[in-house]
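Participant: Dropping a structure here in C-alpha cells format, bear with me for questions.
A short reminder: the numbers here are calculations on the coordinates, not readings from a lab. Since the model is a prediction, treat every value here as computed from it, not as a measurement. FYI the Cβ positions are ideal-geometry reconstructions off the backbone, even for glycines, and counts take in every protein chain you see.
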C-alpha cells in the first residue's frame, strides 16, 4: 500500500481531549500515537510518552496492524492499530486494546471518529488562536505604549501589509455612563473577518475593531445592523499615524455617543470628538450644560457653521434662507452667551454639542 504524506505534528492536548470524549462510550482502552509511534494520549497516564512498536509499523507500512503479543521492550498491548489520516495525510496512529480480531472492526470506526474529532478540534483551535491574536494586536496598537517597529512586526505577522486602515463599530445607544455597550452581533462579524486574509477583528473596549490592509469592510459587508455607530480611518502607510488612530479610537470608545450614528451621521469632526473624549468628567459636564437647552434646529445650525466656510454656505447646507440662519444664530447667542459667528465661540459650541452626545444629553425638538 502506498504511504501517505506526512503532515504537521499531532497535538497531544487535542488527542487526549478526543480520547477522553470517546473512551466512555466503548469498553476498551484507546491510544493515540504521534507520527513517531510515541503514545501521546491514553487513559493510562503511565503509558504516555512510551514507544509503541505496532504504531511504528503502521506508520512505516501505511496500513492497519494487529498486535497479538504484549511487548517486552515497548508499551504494546494486544489490539488493533489504524492509521490516523487527516486531510489525506498521515499524522499518527489510533489503537484499541483488546483481542485483536475482535477489536479490529471497532478500531477502524474509532480511527474514523478520532480523525473527524481531531480535525474539528484543530479547526476550532485555529479559530480561537486567530481571535486571540487579533485581540492582542488591537490591544497592542491602542495601548499608547506600542513601539512602532514592534507594531509593524505584529501587523506583518498577522498578514497585514500597508497601507492600513482601522474601523470601529458599536451597537445602538451608549450606556448611562456614556461608554459603549457590548456589540452582540459583533461576534459573528469577528469570525467572518478573521477567516479572511488581509484583515483582523476583535471586540475590545465595548466596540468591534477591524484592522485591514487597504480600506477595511464597512458595516454592510460585515452584516452588522444599521442602527449602530461606525467610524473608519483612511488607509495610511505610516505606522505612527496608524498608532495615533488606534489611540484615538480607544478614547472614542469611552463615550459611544461620540461615534457617528449610521442612521444619521451628519457633519462630524474626528479631531473634536477625540478632544472631547479626553476631557475630565467635570469639564465634559460643564460643556454639555452650555448646549443642553439648544433645539435640534439650533444644534444643526452650529454643526453646519462649524463644517462650512461661511454663514451662506451653512444656510445652503441646511436648505434654509440666510436670514433664517442668522435668526437662529441670534437665538443661540441669547441662550448660551456664545456667538457662532466668532470662531472661538463656534469651537466651544461645537465641543459642547459633542459633550452632549458623549453624555447622552437630549436636545429640545
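Participant: Please work out the C-alpha center-to-center distance from the stretch 134-173 to the stretch 205-281 and express it in whole Å.
Facilitator: The distance from the Cα centre of the stretch 134-173 to that of the stretch 205-281 comes to 13 Å.
Participant: Sequence gap at least 6, Cα distance under 8 Å: using those rules, report the relative contact order of the chain to the nearest whole percent.
Facilitator: Details: 689 pairs, mean separation 41.0, N = 365.
For the chain, the relative contact order is 11 percent.
Participant: So, one more: Modelling each spin label as a point 7 Å along the Cα-to-Cβ direction, I'd like the residue 145/residue 283 distance in nm, to one decimal.
Facilitator: About 2.4 nm separates the two model spin labels.
Participant: Between residue 321 and residue 227, what is the label-to-label distance in nm when each label sits 7 Å out along the Cα-to-Cβ direction?
Facilitator: 3.9 nm
Participant: Now, a different point. Please say if the stretch 275-357 is rounded, prolate or oblate, where rounded means a/c under 1.5 for a ≥ b ≥ c the square roots of the C-alpha gyration tensor eigenvalues, and otherwise the choice is prolate for a/b larger than b/c and oblate otherwise?
Facilitator: On the way: a/c = 2.21, a/b = 1.82, b/c = 1.21.
Here the stretch 275-357 falls in the prolate category.
Participant: Given a Förster distance of 35 Å, report the FRET efficiency between residue 109 and residue 46 from their Cβ-Cβ distance, rounded to the nearest 0.05.
Facilitator: Values: r = 27 Å, r/R0 = 0.76.
Computed FRET efficiency for residue 109 and residue 46 comes out at 0.85.
Participant: Still on this structure: Which label belongs to the value computed from this structure, given these candidates for Rg/Rh (Cα atoms, Kirkwood Rh): (1) 1.12; (2) 1.25; (3) 1.17?
Facilitator: Correct label is (2).
Participant: May I pose another question? What spacing in nm lies between the two simple spin-label points modelled at residue 13 and residue 241, each 7 Å away from Cα in the Cβ direction?
Facilitator: 4.0 nm
Participant: How do the peptides 44-51, 90-97, 200-207 rank, highest first, by the average count of neighbouring beta carbon atoms within 10 Å per residue?
Facilitator: On the way: 44-51: 13.5, 90-97: 26.0, 200-207: 23.5.
Averaged packing, sorted descending, gives the order 90-97, 200-207, 44-51.
Participant: Additional query: Taking Cα atoms, how many degrees apart are the long axis of helix 281-291 and the longest axis of the chain, rounded to 10 and kept between 0 and 90?
Facilitator: 50 degrees
Participant: State the extension gain, in nm to one decimal, for the chain segment bounded by residue 161 and residue 36, taking 0.36 nm per residue of separation less the distance between their alpha-carbons. Show your work: numbers first, answer last.
Facilitator: Values: separation 125, 0.36 × 125 = 45.00 nm, distance 3.83 nm.
Stretched out fully, the residue 161 to residue 36 stretch lengthens by 41.2 nm.
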